[in-house]
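J.: Sharing a structure below in C-alpha coordinates format, with a few things to ask.
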Amino acid sequence: MVPTQIRIIYGDTDQMGVVYYANYLRFFEAGRTEFLRAKGMRYRDIEAHHRLMLPVTEALVSYRAPARYEDLITVETSLALIRRASARFEYRVHREGELLATGHTTHACVDAEGRVKRMPPELVSALSSGESPAG
(Lines give C-alpha, C1' and ligand atoms only; values in the text may rest on other atoms or scores of the structure.)
Protein backbone atom coordinates (compact mmCIF):
# COMPACT_ATOMS: atom_id res chain seq x y z
CA MET A 1 0.00 0.00 0.00
CA VAL A 2 1.31 3.41 -1.00
CA PRO A 3 -0.26 6.55 0.56
CA THR A 4 -0.67 9.79 -1.40
CA GLN A 5 -1.87 13.00 0.21
CA ILE A 6 -4.03 15.45 -1.76
CA ARG A 7 -5.37 18.84 -0.64
CA ILE A 8 -8.87 19.47 -2.02
CA ILE A 9 -9.00 22.64 -4.11
CA TYR A 10 -12.12 24.71 -4.75
CA GLY A 11 -12.27 23.46 -8.34
CA ASP A 12 -12.69 19.87 -7.04
CA THR A 13 -16.00 20.72 -5.39
CA ASP A 14 -19.54 21.00 -6.73
CA GLN A 15 -22.35 23.46 -6.00
CA MET A 16 -23.06 21.65 -2.71
CA GLY A 17 -19.50 22.27 -1.52
CA VAL A 18 -18.44 18.62 -1.64
CA VAL A 19 -15.96 16.92 -3.94
CA TYR A 20 -17.59 16.23 -7.30
CA TYR A 21 -18.00 12.47 -7.63
CA ALA A 22 -15.93 12.04 -10.82
CA ASN A 23 -12.90 13.69 -9.21
CA TYR A 24 -12.31 10.55 -7.17
CA LEU A 25 -11.08 8.93 -10.40
CA ARG A 26 -8.48 11.72 -10.65
CA PHE A 27 -7.48 11.01 -7.06
CA PHE A 28 -7.15 7.32 -7.95
CA GLU A 29 -4.88 8.28 -10.86
CA ALA A 30 -2.70 10.38 -8.57
CA GLY A 31 -2.46 7.46 -6.15
CA ARG A 32 -1.63 5.02 -8.95
CA THR A 33 1.07 7.35 -10.30
CA GLU A 34 2.68 7.55 -6.86
CA PHE A 35 2.34 3.78 -6.43
CA LEU A 36 4.36 3.30 -9.62
CA ARG A 37 6.95 5.84 -8.46
CA ALA A 38 7.30 3.96 -5.18
CA LYS A 39 8.03 0.85 -7.25
CA GLY A 40 10.73 2.70 -9.20
CA MET A 41 8.65 3.32 -12.34
CA ARG A 42 6.85 6.07 -14.18
CA TYR A 43 4.11 5.74 -16.79
CA ARG A 44 6.27 7.51 -19.36
CA ASP A 45 9.08 5.02 -18.75
CA ILE A 46 6.73 2.09 -19.30
CA GLU A 47 5.61 3.69 -22.56
CA ALA A 48 9.15 4.55 -23.69
CA HIS A 49 11.02 1.42 -22.59
CA HIS A 50 8.38 -1.25 -23.11
CA ARG A 51 6.25 0.59 -25.72
CA LEU A 52 3.18 -0.34 -23.70
CA MET A 53 0.27 1.58 -22.24
CA LEU A 54 -2.09 0.73 -19.39
CA PRO A 55 -5.53 2.15 -20.26
CA VAL A 56 -8.36 1.84 -17.77
CA THR A 57 -10.86 -0.84 -18.79
CA GLU A 58 -12.96 -0.76 -15.62
CA ALA A 59 -13.46 1.71 -12.79
CA LEU A 60 -15.59 1.53 -9.66
CA VAL A 61 -16.01 4.02 -6.82
CA SER A 62 -18.06 3.45 -3.68
CA TYR A 63 -18.75 6.66 -1.76
CA ARG A 64 -19.07 6.62 2.03
CA ALA A 65 -18.70 10.23 3.22
CA PRO A 66 -18.05 13.56 1.48
CA ALA A 67 -14.74 15.35 1.21
CA ARG A 68 -14.86 19.16 1.18
CA TYR A 69 -12.78 22.15 0.13
CA GLU A 70 -9.36 22.30 1.82
CA ASP A 71 -9.63 18.79 3.29
CA LEU A 72 -6.36 16.90 3.27
CA ILE A 73 -7.19 13.42 2.05
CA THR A 74 -5.03 10.34 1.75
CA VAL A 75 -5.39 7.91 -1.13
CA GLU A 76 -4.02 4.47 -0.27
CA THR A 77 -3.20 2.50 -3.41
CA SER A 78 -2.38 -1.19 -3.66
CA LEU A 79 -2.00 -3.75 -6.41
CA ALA A 80 -4.83 -6.24 -5.96
CA LEU A 81 -4.27 -8.51 -8.95
CA ILE A 82 -1.85 -8.86 -11.82
CA ARG A 83 -2.59 -11.14 -14.75
CA ARG A 84 -0.95 -11.97 -18.03
CA ALA A 85 -2.14 -8.76 -19.72
CA SER A 86 -3.87 -6.71 -17.03
CA ALA A 87 -3.57 -5.28 -13.55
CA ARG A 88 -6.11 -4.21 -10.95
CA PHE A 89 -5.40 -1.47 -8.41
CA GLU A 90 -7.48 -0.86 -5.30
CA TYR A 91 -7.93 2.43 -3.48
CA ARG A 92 -9.03 3.65 -0.07
CA VAL A 93 -9.60 7.39 0.38
CA HIS A 94 -9.73 8.75 3.89
CA ARG A 95 -9.50 11.95 5.90
CA GLU A 96 -8.04 11.74 9.40
CA GLY A 97 -9.03 8.09 9.71
CA GLU A 98 -12.56 8.49 8.31
CA LEU A 99 -13.13 6.35 5.23
CA LEU A 100 -14.54 8.52 2.41
CA ALA A 101 -14.45 6.19 -0.59
CA THR A 102 -13.14 2.89 -1.86
CA GLY A 103 -12.71 1.65 -5.38
CA HIS A 104 -10.66 -0.05 -8.02
CA THR A 105 -9.44 0.35 -11.57
CA THR A 106 -8.50 -2.41 -13.99
CA HIS A 107 -5.93 -1.71 -16.69
CA ALA A 108 -5.20 -3.60 -19.89
CA CYS A 109 -1.65 -3.88 -21.15
CA VAL A 110 -1.67 -2.77 -24.82
CA ASP A 111 0.75 -1.64 -27.49
CA ALA A 112 0.55 1.66 -29.42
CA GLU A 113 -2.01 0.15 -31.81
CA GLY A 114 -4.23 -0.95 -28.92
CA ARG A 115 -3.45 -4.66 -29.22
CA VAL A 116 -3.42 -6.58 -25.95
CA LYS A 117 0.11 -7.60 -24.95
CA ARG A 118 1.61 -9.73 -22.20
CA MET A 119 3.03 -7.78 -19.26
CA PRO A 120 6.82 -7.94 -19.41
CA PRO A 121 8.22 -10.15 -16.59
CA GLU A 122 10.30 -7.30 -15.16
CA LEU A 123 7.20 -5.10 -14.96
CA VAL A 124 5.25 -7.85 -13.21
CA SER A 125 8.14 -8.36 -10.81
CA ALA A 126 8.45 -4.66 -10.03
CA LEU A 127 4.71 -4.19 -9.48
CA SER A 128 4.48 -7.30 -7.32
CA SER A 129 7.60 -7.00 -5.21
CA GLY A 130 8.67 -3.39 -5.27
CA GLU A 131 11.85 -4.00 -7.24
CA SER A 132 12.67 -1.60 -10.05
CA PRO A 133 12.29 -2.98 -13.56
CA ALA A 134 15.43 -3.64 -15.60
CA GLY A 135 16.29 -1.03 -18.21
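J.: Considering only residues of region 15-36 that are modelled with pLDDT of 95 or more and part of a loop (DSSP other than H, G, I, E, B), which is surrounded by the fewest Cβ atoms within 10 Å (Cβ to Cβ)?
T.: Among residues in region 15-36 that are modelled with pLDDT of 95 or more and part of a loop (DSSP other than H, G, I, E, B), the one surrounded by the fewest Cβ atoms within 10 Å (Cβ to Cβ) is Ala22.
J.: Would you mind telling me which numbered condition in (1) touching a Leu at 6+ places or on another chain (Cβ under 9 Å); (2) in contact (Cβ under 8 Å) with a residue 60 or more places away in the chain His104 fails?
T.: For His104, the failing item is (2).
J.: Pairs needed: first member in region 39-64, within 15 Å of Ala112 (Cα to Cα); second member anywhere, surrounded by 13 or more Cβ atoms within 10 Å (Cβ to Cβ) and of a type in the set (Phe, Trp, Tyr); C-beta distance under 8 Å; at least 6 residues apart or different chains.
T.: Leu54/Tyr43
The values are calculated or read from the model by the stated rules, or taken from the named source; none is laboratory data. Keep in mind that this is a model prediction, so the values were computed, not measured. When we count neighbours, we look across all protein chains shown, and the Cβ atoms used for this are built from the backbone with ideal geometry, even at glycine.
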